[in-house]
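Notes follow once the structure below has been shown.
Each reported figure results from applying straightforward, stated rules to the coordinates on display, with no laboratory input. On a predicted model such as this, the values are computed, not experimentally measured, just so you know. Backbone-built Cβ (ideal geometry, glycine too); neighbour counts: all protein chains shown.
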Ligand SMILES: [Zn+2]
């Protein structure tokens with residue numbers, strides 16, 4: 001994945017920037033600008049280009065609170081978000097980025113996920129919760145991989 005397009009929640013200094021603050025964020029590689037996007041900060045989300053990224057504020061042990069991104073792919077909190085390599089220009093967490101990256105050379109775990117996706121399709125129209133289920137299934141991909149590895153060669157070959 002293109003690690004040069006990274007958003008670090010701590011680098012945005014959200015607690016110091018007033019809601020409504022905006023500017024341009026520029027990504028550089030070897031000092032050369034490679035990409036940039038308009039950034040607008042609000043209390044519970046930031047806008048990066050066309051994407052709105054949710055912000056979760058988590059209380060600290062010693063008072064105050066610190067911000068986390070909410071990943072659009074899995075709904076989990078993340079300190080850093082990355083742009084997917086498929087040109088979608090969406091920022092997601094490292095794990096979601098990896099899953100998309102991994103799907104480029106598909107293994108048995110991916111096929112298991114795909115089967116699960118088809119099963120979800122048969123459930124009927126997507127009301128948003130199916131999408132959420134899918135994100136959960138994708139997150140479970142390593143588990144599928146593990147189960148399949150433990151099962152050994154496909155049945156019928158034994
Ligand atoms: Zn994610």
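Given labels modelled 7 Å from the Cα in the Cβ direction, how far is it in nm from residue 136 to residue 26?
So the two model labels end up 4.5 nm from each other.
Starting from 0.36 nm per residue, how many nanometres of slack lie between residue 43 and residue 61 once their C-alpha separation is accounted for?
Details: separation 18, 0.36 × 18 = 6.48 nm, distance 2.09 nm.
Full extension from residue 43 to residue 61 adds 4.4 nm.
Rounded, prolate or oblate, given the Cα gyration tensor of the stretch 6-93, with a/c below 1.5 counting as rounded?
Details: a/c = 1.78, a/b = 1.42, b/c = 1.25.
Prolate, since a/c reaches 1.5 and a/b exceeds b/c.
Any chance you could run the full-extension gain for residue 143 through residue 35? It's 0.36 nm times the residue separation minus the Cα-Cα distance, nm to one decimal.
Values: separation 108, 0.36 × 108 = 38.88 nm, distance 3.58 nm.
Result: 35.3 nm gained on full extension.
Evaluate the distance, in nm, between pseudo-label points positioned 7 Å from the Cα of residue 16 and of residue 76 along their respective Cα→Cβ axes.
Those two pseudo-labels are separated by 3.0 nm.
Considering Cα pairs under 8 angstrom that are at least six residues apart, work out the relative contact order of the stretch 6-93 and quote it in whole percent.
On the way: 154 pairs, mean separation 20.3, N = 88.
Relative contact order comes out at 23 percent.
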